[in-house]
Amino acid sequence: MSFQNTGGVGGTGPNANMAASLDDDFESNNQDYYSLLNVRKEATLEELKASYRRLCMLYHPDKHRDPELKRQAEQLFNQVHQAYEVLSDAHSRAIYDIFGKKGLEVEGWEVVERKRTPAEIREEYERLQREREERRLQQRTNPKGTISVGVDATDLFDRYDEDFEEMPGGGFPHIEINKMHISQSIEAPLTNSDTAVLSGSLSTHNGNGGGNINMTIRRVTSAKGWGEVEFGAGDVLGPLIGLKVFRNVTPRCFLTAQCGLQFSPRGLRPSCSLMTARHLDQNTMGYLQWRWGPNSAMTTSLVRDTKSSHFTLALQLGVPHSYLMMSYQYKFQDEDQTKVKGSVKTGWFGTVVEYGAERKISRHSVLSATVSIGVPQGVTLKIKLARASQTYLFPVHLTDQLLPSAVFYATVGPLLVYMAVHRLVIIPYTQAQKEQELELQRKSSATDIAKKKQEAESA
């Protein structure tokens, strides 16, 4: 095929023939990079360069004055450039030869080391494909889980030395796990508006336990609301049927209504709850909730959440629990998203004071520790690790009394352990990760510079 630099605009002369030829080339050669460059599949780098230079001169947009021919030539010029970019790089060419264009689009190739064999490239491609499919499956199922392990460590502070002196091995405190709880849920989209949620839980406390499983069907009825039906069964409470409805009443107010029927061994146990919430301003929400059933109550709460703080005030009047609760959380504007928090809760059960801190320790992990001091609950240290959609809780009950020593160790102990682990483990690990990323970026930048230089010399 030859091109003449003609200047007229016509539909039946040489320009029309050239346009037809360009269209034919574009349609036929766009499907394969080797055909586009007009070389064989075993072509050497020198043959690729020679063909690339010839086609660049042939298809350069500046060689054509006719607007239509100029547009078509520009398309072919870009296609030729893209084909040469892939085939002139040994790494990209191996991927293209094995998997085609689709293989070049897989996420993660930017971190794959250069100079790999085709077998290694195939293995890496399959691994990245599996990771991408796992991410897609996780996004669709949205798995959530909680594991709680309760530790009874009251023997550390509540024992009496004179009682243990007569017992063999009495110098070692007895620490045991007295309760556990495991829950998990997954979602399965059925249609654009319907979603099925399957959840289950298992609990045990001092040797006694039970579990239940729930199936929920949720339907989005409109942009203003949704509804769901729940079916459950357990070995302790029995079957459950529930209905829940959510509705946006106004742009600043929404309403949630829920009712359920529990078939327990003691008979039929109905329950019902109604909650309404309103935006008082941009950062403040007010809630009013009414519950009727085994634990009837009326709760009023005020929540204010800003960029630097979170404040909650709640009052509940009910049977058997009534309380007044106030909590405050300060958010530091640092890279680790550090937060310190404190709360006071008082009611018919007694008074509980809690304080603690939370910090991000990796890209997907958040660690927090809270000290709970109450009458008559005693002192408890609560450690929480949130990893992506999984939550791990470790409540450690230290003493049934208000002992200053227990409060001191519950406060200082986790802080010292965190500082040691952070300095000896977390910091070296993050630095190694950053150095590895920088090294990959340097290699990628050097490769890109070499490619650009090669292209400039070819041009």
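Please give me, ordered by residue number, the chymotrypsin sites (Phe, Trp or Tyr not before Pro) of segment 201-302 that lie in loop per DSSP and have at most 10 other Cβ atoms within 10 Å.
Working: sites: 226, 231, 246, 254, 263, 287, 290, 292; in loops: none.
For chymotrypsin sites (Phe, Trp or Tyr not before Pro) across segment 201-302 that sit outside H, G, I, E and B with at most 10 neighbouring Cβ atoms in 10 Å, the list is empty.
Find how many whole Å separate the alpha carbon centroid of segment 51-85 from the alpha carbon centroid of segment 263-336.
66 Å
What is the spin-label model distance, in nm, from residue 276 to residue 71 if the labels are put 7 Å beyond Cα along the C-beta direction?
6.0 nm
How would you order 199-208, 387-396, 416-425, 70-79 from highest to lowest mean count of nearby Cβ atoms within 10 Å?
Working: 199-208: 13.7, 387-396: 15.6, 416-425: 11.7, 70-79: 17.1.
The most tightly packed comes first, giving 70-79, 387-396, 199-208, 416-425.
I need the shape label for segment 166-245. Rule: rounded when a/c is under 1.5, else prolate if a/b > b/c, else oblate, with a, b, c from the alpha carbon gyration tensor. Intermediate values should be presented prior to the final figure.
Numbers: a/c = 4.54, a/b = 3.10, b/c = 1.46.
Since a/c reaches 1.5 and a/b is larger than b/c, the shape of segment 166-245 is classed as prolate.
Cα centroid distance between segment 366-391 and segment 405-454, in Å?
Segment 366-391 and segment 405-454 have Cα centres spaced 26 Å from each other.
Please work out the ratio of the alpha-carbon Rg of segment 396-437 to 2.2 N^0.38 Å and round it to two decimals. Mind showing how you got there, number by number?
Details: Rg = 16.2 Å, N = 42, 2.2 N^0.38 = 9.1 Å.
Normalised Rg, Cα atoms only: 1.78.
Test of understanding: express the Cα radius of gyration of segment 210-261 as a ratio to 2.2 N^0.38 Å, with N the residue count.
Working: Rg = 13.7 Å, N = 52, 2.2 N^0.38 = 9.9 Å.
Ratio of Rg to 2.2 N^0.38 Å for segment 210-261: 1.39.
How many nm separate the modelled label positions at residue 285 and residue 416, each set 7 Å beyond the Cα in the direction of the Cβ?
4.1 nm
Let me check against my output: what whole-number percent is the relative contact order of segment 313-459, with C-alpha pairs under 8 Å and at least 6 apart? Intermediate results must be reported in sequence, preceding the final value.
Details: 217 pairs, mean separation 16.4, N = 147.
Relative contact order for segment 313-459 comes out at 11 percent.
Taking a 19 Å limit on the Cα-Cα distance, which of the listed pairs 179/384; 144/384; 144/224; 63/451; 384/434 fall beyond it?
Working: 179/384 16 Å; 144/384 15 Å; 144/224 26 Å; 63/451 26 Å; 384/434 27 Å.
Over 19 Å Cα-Cα: 144/224; 63/451; 384/434.
With the convex hull built on the Cα atoms of segment 371-455, state its orientation-averaged projected area in nm².
Values: hull surface 33.2 nm².
Convex hull of Cα atoms, orientation-averaged projection: 8.3 nm².
Would any residue of segment 260-294 have its amide N under 11 Å from a label point 7 Å out along Cα→Cβ of residue 300? List them or say none.
Residues passing the 11 Å test: 287-289.
If you roll a 1.4 Å probe over segment 305-397 with all protein chains in place, what percent of the accessible area is carbon or sulfur? Present the calculation step by step, with values, prior to reporting the outcome.
Values: 3420 of 5310 Å².
On segment 305-397, the fraction of accessible area on carbon and sulfur atoms equals 64 percent.
What FRET efficiency, computed as 1/(1 + (r/R0)^6) with R0 = 51 Å and r the Cβ-Cβ distance, is obtained for residue 213 and residue 448, rounded to the nearest 0.05?
Working: r = 54 Å, r/R0 = 1.05.
The formula returns an efficiency of 0.40 here.
Grab the Cα-Cα distance for residue 149 and residue 196, subtract it from 0.36 nm times how many residues apart they are, and report the gain in nm with one decimal.
Working: separation 47, 0.36 × 47 = 16.92 nm, distance 2.88 nm.
So the chain would gain 14.0 nm between residue 149 and residue 196.
Measuring with a 1.4 Å probe in the full set of protein chains, what accessible area per residue, in whole Å², belongs to segment 239-380? Numbers along the way, then the final one.
Values: 8590 Å² over 142 residues.
Ligands and nucleic acids excluded, the figure is 61 Å² per residue.
Please work out the FRET efficiency for the pair residue 178 and residue 431, using the Cβ-Cβ distance as r and a Förster radius of 41 Å; give the result to the nearest 0.05.
Details: r = 40 Å, r/R0 = 0.98.
That pair, residue 178 with residue 431, gives E of 0.55.
Mind checking the alpha-carbon convex hull of segment 141-291 and giving the volume per residue in Å³? Could you put the intermediate results ahead of the total?
Details: hull volume 30.3 nm³, N = 151.
In segment 141-291, the Cα hull volume divided by residue count equals 201 Å³.
Evaluate the charge dipole of segment 402-459 about its Cα centre and quote only its size in Debye, nearest 20, assuming +1 on the Cβ of each Lys and Arg and -1 on the Cβ of each Asp and Glu.
On the way: 7 positive and 6 negative charges, 11 e Å.
In debye, rounded to 20, segment 402-459 gives about 60.
In whole Å and largest first, what semi-axes does the C-alpha gyration tensor of segment 319-435 yield when each eigenvalue is scaled by 5 and square-rooted? Walk me through the intermediate numbers first.
Numbers: eigenvalues 186, 54, 29 Å².
Its equivalent ellipsoid spans semi-axes of 31, 16, 12 Å.
The values are calculated or read from the model by the stated rules, or taken from the named source; none is laboratory data. Predicted model, so just to flag it, every value in this text is computed and none were measured. Please note: Cβ atoms are built from the backbone with ideal geometry, for glycine as well, and neighbour counts cover all protein chains shown. Just so you know, the surface numbers come from the protein's heavy atoms only, side chains and all, with ligands and any DNA or RNA stripped out. Shrake-Rupley method; radii C 1.70, N 1.55, O 1.52, S 1.80 Å.
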